[in-house]
Amino acid sequence: MNGAPLSLTQVRMIRFALLLVLVAIWEFYARFVSTSSLIAGPSDVVLAWWPKVMGDPGVRLAVGVTLIELVIAFTMSVVFGMLIGILVGLSNVGRRSVYPVVLLLYGVPQAILLPLVVLVFGIGPVAKIAFGFSHGIFPVIVNTIAGMRNVSPLLVGSAAAMGATRAQQIRYVIFPHMVGTVFAGLRLAMTLTLLGVVLAEIFVSQGGIGFYTLAYSETFNPAALMALVLTLALMAIALNELVRLVEGRFSRWKE
């Protein structure tokens, strides 16, 4: 038997309690179970976060550089991904001929393309942006096409019968009905874009969060490494929350 639905406050309290339990288990394991000095507990990570990690001007600059590269790569992924997705999804020819090629390219592991990206763009910021872009664009394309396929042809036909132009059909009929699917792709694209940028920084860069992540790893500094990973996680959470807020703005018509 289903009980009464949980309120938003109750849901948040459950999430917070679960997080506290996980942190407590992590701290207990690091303090009393693990025999490895490479396992850092949450308390050690918090102490390392400031001033050793974020207190370092170089790390703060690296976080800013990574954030700028991420925003540029993600913006490009959204603009070009939605444009390509709409162009492909508007016609049966595009869906039958181009969409399978997009899925084929989406299935290619992006990591194997890093040497090619470096060969074309070098080891500067452009390479990191390009590699992040290559990670983020495909989820946007695929979800945009999927969202367009979910729109009822009856609605589009009715709008056309009432004299709506193709642009008006996309703006007022197709786009509102594909918001949920598209923004699911955008949240996935945000995470993958961050992954691409950080991977490029780890292997071919002398700056950014990825560079310091590798440096802390090579110097066997688990507390600082986990503090930097935590910073990355908080950045990803904040950016995904921003995407969710924008999604809510475009989904008001459903209420």
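Coordinate-derived values only; no laboratory data. Note that this is a predicted model, so its numbers are computed, not measured. Methodologically, a virtual Cβ is constructed for each residue, glycine included, from the backbone with ideal geometry; neighbour enumeration extends over all protein chains shown.
Taking each DSSP H run with n ≥ 4 as -39500 (n - 2.57) and averaging over every residue of the chain yields -23500 deg cm²/dmol at 222 nm. Comparing LEU116, LEU20, LEU195 in a Gaussian network model of the chain (Cα springs below 10 Å), the most mobile by mean-square fluctuation is LEU20. Name all residues of the range 136-152 having a backbone nitrogen under 12 Å from the label point set 7 Å from the Cα of LEU103 along its Cα→Cβ direction, giving them as ranges. Counting backbone N atoms under 12 Å from the label point, the list is 142, 146. Over the range 1-158, the ratio between the Cα radius of gyration and 2.2 N^0.38 Å evaluates to 1.54. The listed peptides 149-162, 168-181, 127-140, ordered by packing as a protection proxy, come out as 127-140, 168-181, 149-162 (highest mean of other Cβ atoms within 10 Å first).
Taking 0.36 nm per intervening residue step and subtracting the Cα-Cα distance, what contour gain separates MET54 from ILE14 on full extension?
11.4 nm
Between ILE39 and VAL120, the contour length at 0.36 nm per residue exceeds the Cα-Cα span by 25.2 nm. Here the extension length gained between LEU155 and THR191 equals 9.6 nm, from 0.36 nm per residue of separation less the Cα-Cα distance.
Rounded to the nearest whole Hz, the Karplus-based 3J(HN,Hα) values (6.51 cos²θ - 1.76 cosθ + 1.60, θ = phi - 60°) of the range 46-51 follow the sequence 5, 5, 7, 4, 9, x, with x at glycine and proline.
The distance between label points at ILE68 and PHE28 comes to 4.6 nm (points 7 Å beyond Cα on the Cα→Cβ vector).
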